Amino acid sequence: MKITIEGGIGQLLKDYGQGEVVTGVERYGSGHIHKTYLIKGDNQRYILQSFNQQVFPYPDRIAGNLQLVKEHLEDRSLDFMLPLPMVTGSGQLFTVHESGCYRLFPYVSGECIDKVWTPEQAYLAAQAFGGFIKACSGINAGQLEEVIEGFHDLPLRFRQFETAVQKTQNPLGEEVNELIKFYKKQEILVRKYGQLEKVLPVRVTHNDTKISNVIFDNSFEKINAVIDLDTVMPGYVFYDFGDLVRTVTCTEEEASVDWDRMDVDLEKYKALLEGFINSLGDELTAEEKESLPFGGEMMACIMGLRFLTDYLNGNIYYPVNYSDQNLHRAKNQALLLQALQRKRKEISVLMDRIS
């Protein structure tokens, strides 16, 4: 649904007890799951989000998880903000307008970026996401619920991939078959995941640590806020570190088809390690620290599996601009995974220096 001032933004604000005169509405950020808007009022600004219940079918779980986090952090001082959804006049975190479900957030000033340009930016982002895990360390993760079932469950995603290969109606040309063979060989990562599950503590993790989910200050010298908290739920530290590696260290963006330029930026990798480990400090167990390099490989693998599975299923989950885009996204992640695997020795040296 198109959002306009005439389309009821003022009424949505009133639902939250905000009597602002709306002076402007514009799309905000680059997220694909929720549509997000910057609402300009005569006195202040807000972030309005159209909530995607197809991707997040359990909004009550999100609300419950965030309430636990809020209560735990209420008397704590963080180095960054955690902007949580505002509550309506009737005590709800959501409001309904026509056929849509919406949430309102306080606006946090600063800079959102889709690509990390410097190791310093990488360090700050990793420090913030690691700081979030540490701040939540006193929460019993078992009290939180899964908001997307099996979100980072590598064995589940591998089984879904195998099923899609068997049932696909797509023609399997040479490029597709090569990718299928490559991802089938990654079953070794599935086994490693199973081993780590037995020894690592389950923590409260962010689970979507893209660089666009932090807000830098205007000088890019600190993080103003960690945002997009819908995926906060039980997880392992290598989830959050791994997705940072996947989205920050790759020399090409996720949608790139410039295959020859795909590589891993080890300077940014080093900065991620330093920021993440330094922020968590003694909170990290030895086994958790050792699992961090696995996280990068695992997250590249799981996203590649998800993209390829969606392609084989007929592009029913991820929005695409052309029919082979999910196939190309899967190839992109395969090349990143190969680059990470080629550089295991260099990464191991970095780990030894930082640990």
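Things worth noting here:
- Checked against the criterion of being assigned by TED's automatic domain parsing to the domain that holds Leu335 and modelled with pLDDT under 95, the stretch 191-207 contains not a single residue that satisfies it.
- Some residue of the stretch 247-267 being crowded, with 22+ Cβ neighbours inside 10 Å and among the charged types (D, E, K, R): no
- Any helices (runs of 4 or more DSSP H) falling wholly within the stretch 240-355 and containing at least 1 residues that are polar (S, T, N, Q) and more than 29 Å from Asp79 (Cβ to Cβ): 286-312, 325-342, 344-354
- From the options Val176, Val165, Val202, residue that is of a type in the set (Val, Ile, Thr) and within 26 Å of Ala126 (Cβ to Cβ): Val202
- When we screen Ile139, Ile133, Ile148 for residues that are modelled with pLDDT of 95 or more, under 15 Å from the mean Cα position of the chain (by Cα), surrounded by 16 or more Cβ atoms within 10 Å (Cβ to Cβ) and not hydroxyl-bearing (Ser, Thr, Tyr), the only hit is Ile133.
- Among residues of the stretch 26-44 being among the basic types (Lys, Arg) and out of contact with any Asp or Glu (no Cβ under 9 Å at 6 or more places or on another chain), the one that is modelled with the lowest pLDDT is Lys35.
- Reported count of residues in the stretch 85-141, each being under 30 Å from Leu292 (Cα atoms) and either without any contact (Cβ under 8 Å) to a residue 12 or more places away in the chain or in a loop (DSSP other than H, G, I, E, B) (or both), is 13.
The values are calculated or read from the model by the stated rules, or taken from the named source; none is laboratory data. Note that this is a predicted model, so its numbers are computed, not measured. Neighbour counts are summed over all protein chains in view; Cβ atoms, including those assigned to glycine, are modelled from backbone coordinates with ideal geometry.
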